[in-house]
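Here's the structure we're looking at; comments come further down.
The values are calculated or read from the model by the stated rules, or taken from the named source; none is laboratory data. Please read these numbers as outputs of a predicted model, since none were measured by experiment. Positions of Cβ are generated from backbone atoms using ideal geometry, with glycine treated the same way; all protein chains shown enter the neighbour counts. Note: accessible area is taken over every heavy atom of the protein model, side chains too, but ligands, DNA and RNA are not part of it. Shrake-Rupley method; radii C 1.70, N 1.55, O 1.52, S 1.80 Å.
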Amino acid sequence: MNDFELRGINHLALVCRDFQETINFYTVTLGLKLIKNIDLPSGGKHFFIDIGNNDTLAFFWSTKAPESVPGISSVRPDAFLTGDIITAHGSMNHVAFHVPLEKLEEYRTKLIDKGVQATPVLHHTDVPMSSFYFFDPNGILLEFAANLQPLNELNTESQVQ
């Protein structure tokens, strides 16, 4: 029995460097919906993107935010070439979206046609999943992932206790 009745992720709050470029990427390139835009007292913005299933990505934007440090606070831009996606403790490595397996190649092609660089579709051996990765304009690594079986049904014998 769980101590807390968690019902998933309400939202994931990220920081963007360009308010309008970020909104355009998520609403135009990915076709998602901007559902809330709040002006902050500091002069910045806090806005929410509907990512389906009653989940949202939230973004903060401020001219006072420090620059990101790829390889520490985020994945390095050369990750497509090196395969190195390691980031620092406490950092957010990437955001993975559930997508239908039969749409994976189609979605990858659509993104490439829109000028977004994407990895080939990867068939993971450690988790029954196929996916591909791409960056948003802020350098946030995104993944479109299709589970081949529910992750909560995986064999847990090899998990570290």
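Can you tell me which residue among Leu141, Leu40 is within 23 Å of Arg17 (Cβ to Cβ), touching a residue at least 12 places away in the same chain (Cβ under 8 Å) and either of a type in the set (S, T, N, Q) or surrounded by fewer than 17 Cβ atoms within 10 Å (Cβ to Cβ) (or both)? That would be Leu40, the only listed residue that is within 23 Å of Arg17 (Cβ to Cβ), touching a residue at least 12 places away in the same chain (Cβ under 8 Å) and either of a type in the set (S, T, N, Q) or surrounded by fewer than 17 Cβ atoms within 10 Å (Cβ to Cβ) (or both). Give segment 28-50 a look and list any residue that's more than 19 Å from Gly139 (Cβ to Cβ) and touching a strand residue (DSSP E or B) at 6+ places or on another chain (Cβ under 9 Å), or say none. Result: Lys33, Leu34, Ile35, Lys36, Asn37, Ile38, Asp39, Leu40, His46, Phe48, Asp50. Pairing each residue of segment 99-116 that is closer than 16 Å to Tyr133 by Cβ with any residue that is in a helix (DSSP H, G or I) and of a type in the set (S, T, N, Q), provided the two are 6+ apart or on different chains, yields C-beta distances under 8 Å for Leu111/Thr29; Lys114/Thr29; Val116/Thr29. Of the residues making up segment 2-27, those that are in contact with a strand residue (DSSP E or B) (Cβ under 6 Å, 6 or more places away or on another chain) and open to solvent by 70 Å² or more (accessible area, probe 1.4 Å) are His11, Val15. Applying the set (1) surrounded by 14 or more Cβ atoms within 10 Å (Cβ to Cβ); (2) modelled with pLDDT under 85 to Ser130 leaves exactly one unmet item: (2).
Of all residues in segment 55-70, those that are aliphatic (A, V, I, L, M), in a loop (DSSP other than H, G, I, E, B) and touching a residue at least 40 places away in the same chain (Cβ under 8 Å) total 1. Of everything listed in (1) more than 14 Å from the chain's Cα centre (by Cα); (2) over 14 Å from Phe135 (Cβ atoms); (3) open to solvent by less than 100 Å² (accessible area, probe 1.4 Å), the single unmet condition for Pro70 is (2). The strands (runs of 3 or more DSSP E) found entirely in segment 71-161 that carry 2 or more residues being closer than 22 Å to Ile9 by Cβ and among the aromatic types (Phe, Trp, Tyr) are 129-135.
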